[in-house]
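Novice: Starting off with a structure, shown below.
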Number of protein chains: 2
Amino acid sequence: MTGGTGDLAARRAAVLGPAYRLFYAEPVEIVRGEGVWLWDAQGRRYLDGYNNVASVGHANPTVVEAISRQAGVLNTHTRYLHPLVVEYAERLVATMPAGLDTVMFTCTGSEANDLALRLVTMATGRSGVIVTRTAYHGVTAAIAALSPSLGLGVGPHVRVVDPPVGGTTAEGERFARDVAEAADELAGAGHPVAALLVDSVLSSDGLVPDPVGFLEWAAREVRSAGGVFIADEVQAGFGRTGRMWGFERHGVEPDVVTLGKPMGNGHPLAGVVLRRELAEPMAARTRYFNTFGGNPVSCAAGLAVLDVVARDQLVEHSARCGRRLSEGVREVASRHDGGVEVRGVGLYVAVELASGEAASAVVDGMRERGVLIAATGPGGRVLKIRPPLVIDDSGVDLLVGALDESLAELGGLGVNAGS
Amino acid sequence: MTGGTGDLAARRAAVLGPAYRLFYAEPVEIVRGEGVWLWDAQGRRYLDGYNNVASVGHANPTVVEAISRQAGVLNTHTRYLHPLVVEYAERLVATMPAGLDTVMFTCTGSEANDLALRLVTMATGRSGVIVTRTAYHGVTAAIAALSPSLGLGVGPHVRVVDPPVGGTTAEGERFARDVAEAADELAGAGHPVAALLVDSVLSSDGLVPDPVGFLEWAAREVRSAGGVFIADEVQAGFGRTGRMWGFERHGVEPDVVTLGKPMGNGHPLAGVVLRRELAEPMAARTRYFNTFGGNPVSCAAGLAVLDVVARDQLVEHSARCGRRLSEGVREVASRHDGGVEVRGVGLYVAVELASGEAASAVVDGMRERGVLIAATGPGGRVLKIRPPLVIDDSGVDLLVGALDESLAELGGLGVNAGS
């Protein structure tokens, strides 16, 4: 670390709230990005193997141009008519199952989940929510209360279920039964279930794509208990899984979908798509206005992202390139330890190591080799690999090669020794 | 209305959630902005007498350039080091009283108030909140529960106090006593007071700037009851009142300040500034991360706004030009009806009419004369006039002239007949 970066870290610690965290014991100061590449203040180039927000590539020229152009013309709010918010909302619903016909805009995924919860609470007259064991859905007070990964516990109206383990059909069925039981418990506790809220790839649970269909089986249970199914697509959406939406994998049609992260490629843009009838009870009681949500510049950014995804066939690319990534990672992992579990869907691959220390060592080893990734999941022992969707075969090979070397370096820690 | 605009309104109603509202019975389609001017789809120009978000002017070239440049270089998150988030946070705290030394970034004012509430709840171990009668602080579930203007009632941990009426010292003292009583009530109800949360200009209560000092008297009461004072500067901040911060008028040093709206001149940027010790209890229990909050593009926008405010001396301009606006509106109002109440602070003027219908008629009359304003406050009978800070004397005179004609046109409705 240079004096400059160290000084910056000290100034940062002094002025930003102490709850802020940095990646890496020696933080990296990123100053420039282009496509899948990031550069630090010392001019070193990194392959970005982590950031799912800049999904169509860092500083994507189409998105930058759309933001710059619209910012120079008009940025205002949704209490005046503007064609872009209408066009963008229409384009979004066109990518969804037919029943999901109504859009509301926010600026963050946290706000999207918070709004979804308000809508569903008013639509069902109920307050109970079921989430997964290590779920993360956002940082508002209401959403933090159903995000156990924040370490603050959950509210009395929340029940937590364990995600499927090992990808078997039996585990998917067990998950659905647990959802049904949680709904019964909530009813018994005076909080009848309003919603099952699940990240469609269970990202903060360590990435759980399998078995195919388990979200549909769980959705059936929550509906038969009188609740609705909310698919949190903040992580999975916009092509990450090799499909436009993560829920498609499971053949489930959600009642409500929440969107965020890659939606504006880094521009603060998020939202809720839902069935009209679920939006009406809130509308009968109160208005909705989000000062920045759905503004023309945000919608221009969102439209540009949809344009690039379509033009460059990034959904198909994510599926194809994701297979290469998954296969590469599996091959490498099997050479170092046959027991290590690799889970992948599209351009999102998780490698479950023996411990948080092992994961942390691999994350550091990758960084030394010029590749940025991170760890997540229970105990922080799951490597999280999810490069921008514009990564190509050579980028995938570089990433897999760095993983190979970093796993080899683990030595005594052993990738699966402690599990 | 042209067919185009009507068609757009119909498409909008079909795809956006039914809780969305539009200004005006015949909505206006705004397609371009520059400084204090807005243009509709038919090419008609309006003086913007309403929008406090584009505070340094619509499409301000300095802000647009900062956003475009940084978006083309890098947009990432706060888990990597970046100089702009540190520089911007330092610049913000330099504008505040010395004790307010710690910054946390969000994307919206709703998120800022939600985060402030989480911080304060964890710092005090208490949950009670005192707000004003027609307060609006945001749309998250937690903040909607203490925003009575949404029409949904308030939570059991919330008490509502009536704002001072008529600007007298006696009313300011009565307000402070009501805060003390509300704190007692909350303690008795098992929700000891964590915070008094007040918009520094009581915007949604119809704008209540006087008596000078009443927020300090109220803050003293809440502190002696063991709570803290949160100044919601989403409306008042960044020069609107002729001071940098609205709380300065009252000689009060808040424990927590929340920011939003004009902070990025329309770019989604908001945050919380607070005393370090109030941020630490949350940090001891959990992390804080907002994917888009404090990103380099948002910070570039925020820095550009601070630069323009300083370069063009907009705080001083707001004070001077605001006096001309207040005086002009008072003179016009007194000619039409001596009893009408005009309240003003900086470039924010409220005209209290006899009824919501009268206010609505004046808003429509102004629009016909090419000036956009809106109505707010209890019963929607308060005209809300708050042009971008870059309005000049001729803009003020145009606005006042249009108000004169619109009030004259009221005729039978009478500006104060029903009060």
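The values are calculated or read from the model by the stated rules, or taken from the named source; none is laboratory data. These numbers come from a predicted model, not from an experiment. Heads up, the Cβs are rebuilt from the backbone with ideal geometry, glycines too, and the neighbour counts pull from every protein chain shown.
Novice: Looking at B:352, B:327, B:341, can you tell me which residue is at pLDDT 95 or above and not β-branched (Val, Ile, Thr)?
Specialist: Values: B:352 fails: at pLDDT 95 or above; B:341 fails: at pLDDT 95 or above.
Matching residue, one of B:352, B:327, B:341: B:327.
Novice: Residue check: is residue B:286 within 14 Å of chain A (Cβ to nearest Cβ), surrounded by fewer than 20 Cβ atoms within 10 Å (Cβ to Cβ) and of a type in the set (Ser, Thr, Tyr)?
Specialist: yes
Novice: Within the range B:2-39, restricting attention to residues that are surrounded by 15 or more Cβ atoms within 10 Å (Cβ to Cβ) and either among the hydroxyl-bearing types (Ser, Thr, Tyr) or not assigned by TED's automatic domain parsing to the domain that holds residue B:394 (or both), which residue is nearest to residue A:72 (Cα to Cα)?
Specialist: Looking at the filtered set, the residue picked out is B:5.
Novice: Here's something else I'd like to know. Considering the range B:128-156 alone, what residues qualify as being touching a strand residue (DSSP E or B) at 6+ places or on another chain (Cβ under 7 Å) and either within 10 Å of another protein chain (Cβ to nearest Cβ) or within 19 Å of residue B:269 (Cβ to Cβ) (or both)?
Specialist: Within the range B:128-156, B:137, B:145 meet the criteria.
Novice: Still on this model: Do the conditions hold for residue B:221, that is, is it on the phi < 0 side of the Ramachandran plot and surrounded by fewer than 20 Cβ atoms within 10 Å (Cβ to Cβ)? I'd like the intermediate steps shown before the answer.
Specialist: Details: on the phi < 0 side of the Ramachandran plot: yes; surrounded by fewer than 20 Cβ atoms within 10 Å (Cβ to Cβ): no.
Taking the combined requirement at face value, the residue does not satisfy it.
Novice: Could you look through the range B:358-416, keep only residues that are of a type in the set (S, T, N, Q) and under 28 Å from residue B:43 (Cβ atoms), and pick out the one that is surrounded by the most Cβ atoms within 10 Å (Cβ to Cβ)?
Specialist: The initial filter retains those residues of the range B:358-416 that are of a type in the set (S, T, N, Q), namely B:360, B:376, B:394, B:406, B:416.
Restricting the remaining residues to those that are under 28 Å from residue B:43 (Cβ atoms) gives B:360, B:394, B:406.
Values: B:360: 19, B:394: 9, B:406: 23.
Step by step, filter the range B:358-416, then rank; the result is B:406.
Novice: So if I check each of B:271, B:328, which one is buried (at least 22 other Cβ atoms within 10 Å of the Cβ) and touching a Leu at 6+ places or on another chain (Cβ under 9 Å)? Steps first, please.
Specialist: Details: B:328 fails: buried (at least 22 other Cβ atoms within 10 Å of the Cβ).
Going through B:271, B:328 in turn, the sole match is B:271.
Novice: Which of (1) at the interface with chain A (Cβ under 7 Å from one of its Cβ atoms); (2) in contact (Cβ under 8 Å) with a residue 60 or more places away in the chain; (3) at positive phi is the odd one out, the single condition residue B:59 does not satisfy?
Specialist: Single failed check for residue B:59: (2).
Novice: Being outside the structural domain of residue B:81 (by TED's automatic domain parsing) and crowded, with 21+ Cβ neighbours inside 10 Å: is that true of residue B:299 here? It would help to see each step written out before you state the result.
Specialist: Details: outside the structural domain of residue B:81 (by TED's automatic domain parsing): no; crowded, with 21+ Cβ neighbours inside 10 Å: yes.
Considered against the rule, which asks whether it is outside the structural domain of residue B:81 (by TED's automatic domain parsing) and crowded, with 21+ Cβ neighbours inside 10 Å, residue B:299 comes out as no.
Novice: Test residue A:134 against the criterion of being under 19 Å from residue A:194 (Cα atoms) and among the polar types (S, T, N, Q), and give yes or no.
Specialist: On the way: under 19 Å from residue A:194 (Cα atoms): no; among the polar types (S, T, N, Q): yes.
No.
Novice: If residue A:5 passes every condition in (1) at the interface with chain B (Cβ under 9 Å from one of its Cβ atoms); (2) outside any helix (DSSP H, G or I); (3) modelled with pLDDT under 95 but one, which one does it miss?
Specialist: Condition (2) is where residue A:5 drops out.
Results for (1) out of contact with any Pro (no Cβ under 7 Å at 6 or more places or on another chain); (2) more than 23 Å from residue A:139 (Cα to Cα); (3) not hydrophobic (A, V, I, L, M, F, W, C), shown as yes or no for each residue.
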site	(1), (2), (3)
B:38	yes, yes, no
B:65	yes, yes, yes
B:75	no, no, yes
B:78	yes, no, yes
B:89	yes, no, no
B:108	no, no, yes
B:114	yes, no, yes
B:119	yes, no, no
B:127	yes, no, yes
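Novice: I need the full set of residues from the range A:266-287 which are more than 16 Å from residue A:89 (Cβ to Cβ) and out of contact with any helix residue (DSSP H, G or I) (no Cβ under 6 Å at 6 or more places or on another chain), in order please.
Specialist: Selection gives A:266, A:268, A:277, A:280, A:284, A:285, A:287.
Novice: Pick out the one residue from B:112, B:116, B:123, B:89 that is in a helix (DSSP H, G or I) and surrounded by fewer than 24 Cβ atoms within 10 Å (Cβ to Cβ).
Specialist: Exactly one residue qualifies, and that residue is B:123.
Novice: Of the residues that make up the range A:225-245, is at least one over 24 Å from residue B:17 (Cα atoms), of a type outside the set (Phe, Trp, Tyr) and in contact with a strand residue (DSSP E or B) (Cβ under 9 Å, 6 or more places away or on another chain)?
Specialist: Restricting attention to the range A:225-245, the residues satisfying the condition of being over 24 Å from residue B:17 (Cα atoms) are A:225, A:239-243.
Pick out the ones that are also of a type outside the set (Phe, Trp, Tyr) and you get A:225, A:239-243.
Still in the running and in contact with a strand residue (DSSP E or B) (Cβ under 9 Å, 6 or more places away or on another chain): A:225.
Within the range A:225-245, one or more residues are over 24 Å from residue B:17 (Cα atoms), of a type outside the set (Phe, Trp, Tyr) and in contact with a strand residue (DSSP E or B) (Cβ under 9 Å, 6 or more places away or on another chain).
Novice: Another question, if that's okay. Return the residue satisfying two criteria in turn: it lies in the range A:331-349 and is under 19 Å from the mean Cα position of the chain (by Cα) and in a loop (DSSP other than H, G, I, E, B), and of such residues it is surrounded by the most Cβ atoms within 10 Å (Cβ to Cβ). Spell out how you get there, then give the answer.
Specialist: Of the residues in the range A:331-349, the ones under 19 Å from the mean Cα position of the chain (by Cα) are A:342-349.
Now restrict to residues that are in a loop (DSSP other than H, G, I, E, B): A:345-348.
Numbers: A:345: 25, A:346: 27, A:347: 31, A:348: 26.
The qualifying residue surrounded by the most Cβ atoms within 10 Å (Cβ to Cβ) is A:347.
Novice: When you go through B:375, B:301 one by one, which is the residue that is at pLDDT below 95 and closer than 30 Å to residue A:300 by Cα? Walk me through how you get there before you give the answer.
Specialist: Numbers: B:301 fails: at pLDDT below 95.
Of B:375, B:301, the one residue that is at pLDDT below 95 and closer than 30 Å to residue A:300 by Cα is B:375.
Novice: Failed condition for residue B:259, given (1) away from chain A (no Cβ under 14 Å); (2) touching a strand residue (DSSP E or B) at 6+ places or on another chain (Cβ under 8 Å), with all others met?
Specialist: (1)
Novice: Residue B:72 is checked against (1) buried (at least 24 other Cβ atoms within 10 Å of the Cβ); (2) facing chain A (nearest Cβ under 7 Å); (3) in a helix (DSSP H, G or I) and fails just one. What number does that condition carry?
Specialist: Tallying (1) buried (at least 24 other Cβ atoms within 10 Å of the Cβ); (2) facing chain A (nearest Cβ under 7 Å); (3) in a helix (DSSP H, G or I), residue B:72 fails exactly one: (1).
Novice: Continuing with the same structure: Would you mind telling me which numbered condition in (1) in the same structural domain as residue B:79 (by TED's automatic domain parsing); (2) among the small types (Gly, Ala, Ser); (3) assigned to a loop (DSSP other than H, G, I, E, B) residue B:354 fails?
Specialist: Result: residue B:354 passes all but (1).
Novice: Go through (1) crowded, with 23+ Cβ neighbours inside 10 Å; (2) at the interface with chain B (Cβ under 10 Å from one of its Cβ atoms); (3) closer than 30 Å to residue A:191 by Cα for residue A:294 and report which single condition fails.
Specialist: Among (1) crowded, with 23+ Cβ neighbours inside 10 Å; (2) at the interface with chain B (Cβ under 10 Å from one of its Cβ atoms); (3) closer than 30 Å to residue A:191 by Cα, the lone unmet condition for residue A:294 is (3).
Novice: Moving on to the next point. Residue A:250: more than 26 Å from residue B:78 (Cβ to Cβ) and not assigned by TED's automatic domain parsing to the domain that holds residue A:321, yes or no? Talk me through it step by step, then tell me what you get.
Specialist: On the way: more than 26 Å from residue B:78 (Cβ to Cβ): yes; not assigned by TED's automatic domain parsing to the domain that holds residue A:321: yes.
It is true that residue A:250 is more than 26 Å from residue B:78 (Cβ to Cβ) and not assigned by TED's automatic domain parsing to the domain that holds residue A:321.
Novice: Which of the residues spanning the range B:40-56 are surrounded by fewer than 24 Cβ atoms within 10 Å (Cβ to Cβ) and among the small types (Gly, Ala, Ser)?
Specialist: Within the range B:40-56, B:41, B:43 meet the criteria.
Novice: While we're on this one: Can you spot a residue in the range A:194-207 that is at pLDDT below 95 and out of contact with any Ser or Thr (no Cβ under 6 Å at 6 or more places or on another chain)?
Specialist: Scanning the range A:194-207 turns up at least one residue that is at pLDDT below 95 and out of contact with any Ser or Thr (no Cβ under 6 Å at 6 or more places or on another chain).
Novice: Give me a count of the residues in the range B:12-46 that are assigned to a strand (DSSP E or B) and more than 20 Å from the chain's Cα centre (by Cα). Can you show your working first?
Specialist: Step one: list which residues in the range B:12-46 are assigned to a strand (DSSP E or B), which gives B:16, B:29-35, B:37-40, B:45-46.
Next, from what is left, pick out any that are more than 20 Å from the chain's Cα centre (by Cα): B:16, B:29-34, B:37-40, B:45-46.
Residues meeting the conditions: 13.
Novice: Could I ask something else about it? Say we look at the range B:92-108 and pick out the residues that are in a loop (DSSP other than H, G, I, E, B) and either at the interface with another protein chain (Cβ under 8 Å from one of its Cβ atoms) or among the aromatic types (Phe, Trp, Tyr) (or both); which of these is nearest to residue A:57 (Cα to Cα)? Talk me through it step by step, then tell me what you get.
Specialist: From the range B:92-108, those in a loop (DSSP other than H, G, I, E, B) are B:95-101, B:107-108; that's our starting set.
Subsequent filtering for residues that are either at the interface with another protein chain (Cβ under 8 Å from one of its Cβ atoms) or among the aromatic types (Phe, Trp, Tyr) (or both) retains B:101, B:107-108.
On the way: B:101: 35, B:107: 22, B:108: 25 Å.
Ranking the candidates gives B:107 first.
Novice: Ok, one more. Please name all residue pairs, on different chains or six or more residues apart, with Cβ atoms under 9 Å, provided the first residue is in the range B:247-274 and is on the phi > 0 side of the Ramachandran plot and the second residue is surrounded by fewer than 24 Cβ atoms within 10 Å (Cβ to Cβ) and of a type in the set (D, E, K, R).
Specialist: Every condition considered, the pairs that remain are B:251/B:216.
Novice: A further question follows. Filter the range B:228-256 down to the residues that are within 14 Å of chain A (Cβ to nearest Cβ) and closer than 17 Å to residue B:344 by Cβ and list them by number.
Specialist: Of everything in the range B:228-256, just one residue is within 14 Å of chain A (Cβ to nearest Cβ) and closer than 17 Å to residue B:344 by Cβ, namely B:235.
Novice: Look at residue A:120 and say whether it is among the aliphatic types (A, V, I, L, M) and at the interface with chain B (Cβ under 9 Å from one of its Cβ atoms). Quick ask: steps written out before the conclusion?
Specialist: Values: among the aliphatic types (A, V, I, L, M): yes; at the interface with chain B (Cβ under 9 Å from one of its Cβ atoms): no.
For residue A:120, the condition - among the aliphatic types (A, V, I, L, M) and at the interface with chain B (Cβ under 9 Å from one of its Cβ atoms) - is not met.
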